[in-house]
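Working notes for the structure below.
The values are calculated or read from the model by the stated rules, or taken from the named source; none is laboratory data. None of the values given here were measured: they were computed from a predicted structure. Neighbour counts run over all protein chains shown; Cβ positions are idealised from the backbone, glycine included.
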Amino acid sequence: MSATILDGKALAAKVRAETTAKVAARTAAGKAPPGLATVLVGNDPASETYVRNKRKSSEEVGMVSFGYEMPAETSQEELLKLIAELNARPEVHGILVQVPLPKQIEAAAIQSAISPKKDVDCLHPENIGYLAQKGREPRFVSCTPAGIMRMLAEAGVKLSGANAVVLGRSNIVGMPIALLLIKADATVTVAHSRTQDLPAVCREADVLVAAVGKAEMVRGEWVKPGAVVIDVGVNRMEDASAKRGYRLVGDVAFAEASQVASAITPVPGGVGPMTIAMLLENTYHAAELAGGS
Ligand code: GUN
């Protein structure tokens with residue numbers, strides 16, 4: 001079998017076009033354009049690229065981008081001070097602090113300090129709490145998980161009653177995607193570094209979400225024939241023949257898995273572009289929550 005490739009780039013372009021239209025309608029109604037503040041601490045090359053893309057994309061859909069770059073030695077107090085300022089600025093509707101943060105800064109303290117109404121990453125405990133509880137309407141849905149759910153919906157994947165296995169339990173992907181899959185009535189297993197016989201657990205999955213950050217860890221024989229495979233990993237693999245000296249690979253051995261799965265996301269061009277598209281959706285939503293200003 002050769003799997004259908006789930007094209008995140010094309011779907012992200014469609015979502016961004018929808019957001020562009022909504023932003024244009026908002027500003028035509030005399031309201032302020034949505035404003036997204038991005039905060040980058042230090043100079044991790046991958047984080048720099050991500051933040052640059054987020055800023056560029058927000059401007060492309062008619063939003064205002066406020067970029068803050070702080071040195072790697074920034075103290076937690078200094079960052080908290082900036083967050084307090086951004087919380088108070090009406091033209092900033094969404095705040096995104098790129099993770100990972102340097103060691104001296106506790107990410108949880110920063111994420112708790114962001115106003116829950118501006119928490120477009122959905123990392124504030126109040127917002128993840130909404131996502132976790134039955135009968136609640138979450139204010140925001142975490143960007144990468146929201147993008148995955150949108151891709152699954154677009155591909156017509158039936159989640160109700162399906163066995164879903166999530167590899168990884170991070171605050172930013174593993175945990176929130178597990179919560180969303182539960183909300184969608186899937187039977188969800190969250191597997192991680194201590195899970196016994198990972199290949200056997202994965203082989204039970206009708207929907208397999210890999211978010212562990214280990215290059216090509218999931219092999220073809222881990223995949224149940226006909227499964228839908230969502231690869232969240234973005235790993236740099238040395239490649240002397242590539243212009244930059246490396247190429248990007250996912251957490252899934254794509255060539256092998258695509259022979260077994262019914263559908264699979266590529267890396268790059270799968271989940272990655274959807275993350276930014278959903279961040280823009282969340283920022284628009286944050287601006288609407290704030291009202292006219
Ligand atoms: N680092 C990698 N992905 C993300 C993301 O979606 N948001 C933030 N804040 N940091 C990240």
Segment 108-125, subset in a loop (DSSP other than H, G, I, E, B) and within 14 Å of the ligand (Cβ to nearest atom), residue surrounded by the most Cβ atoms within 10 Å (Cβ to Cβ): VAL120
Number of the condition not met by GLY291 [criteria: (1) over 14 Å from the mean Cα position of the chain (by Cα); (2) modelled with pLDDT of 95 or more]: (2)
Those residues of segment 62-107 which are in a helix (DSSP H, G or I) and touching a Leu at 6+ places or on another chain (Cβ under 7 Å), in sequence order: ALA107
Residue, farthest from the ligand (Cβ to nearest atom), within segment 75-101, restricted to residues that are over 19 Å from ASP44 (Cβ atoms) and in contact with a Ser or Thr (Cβ under 7 Å, 6 or more places away or on another chain): PRO90
Index of the failed condition, GLU60 passing every other in (1) buried (at least 20 other Cβ atoms within 10 Å of the Cβ); (2) under 28 Å from ILE83 (Cβ atoms): (1)
Whichever residue in segment 260-274 is surrounded by fewer than 24 Cβ atoms within 10 Å (Cβ to Cβ) and in contact with a helix residue (DSSP H, G or I) (Cβ under 6 Å, 6 or more places away or on another chain) and, among such residues, is farthest from MET149 (Cα to Cα): VAL260
Residue under evaluation ARG169, criteria (1) within 30 Å of TRP222 (Cα to Cα); (2) assigned to a helix (DSSP H, G or I); (3) not aromatic (Phe, Trp, Tyr), criterion not met: (2)
Verdict on GLY233 being on the phi < 0 side of the Ramachandran plot, part of a loop (DSSP other than H, G, I, E, B) and buried (at least 19 other Cβ atoms within 10 Å of the Cβ): yes
Subset of segment 42-57 (residues that are within 11 Å of the ligand (Cβ to nearest atom) and within 13 Å of VAL97 (Cα to Cα)): SER47, TYR50, VAL51, LYS54
Neighbours by Cβ (under 9 Å, 6+ apart or cross-chain): first from segment 220-240, under 16 Å from ALA200 (Cα atoms); second in a loop (DSSP other than H, G, I, E, B) and modelled with pLDDT under 95: PRO225/MET1; GLY226/MET1
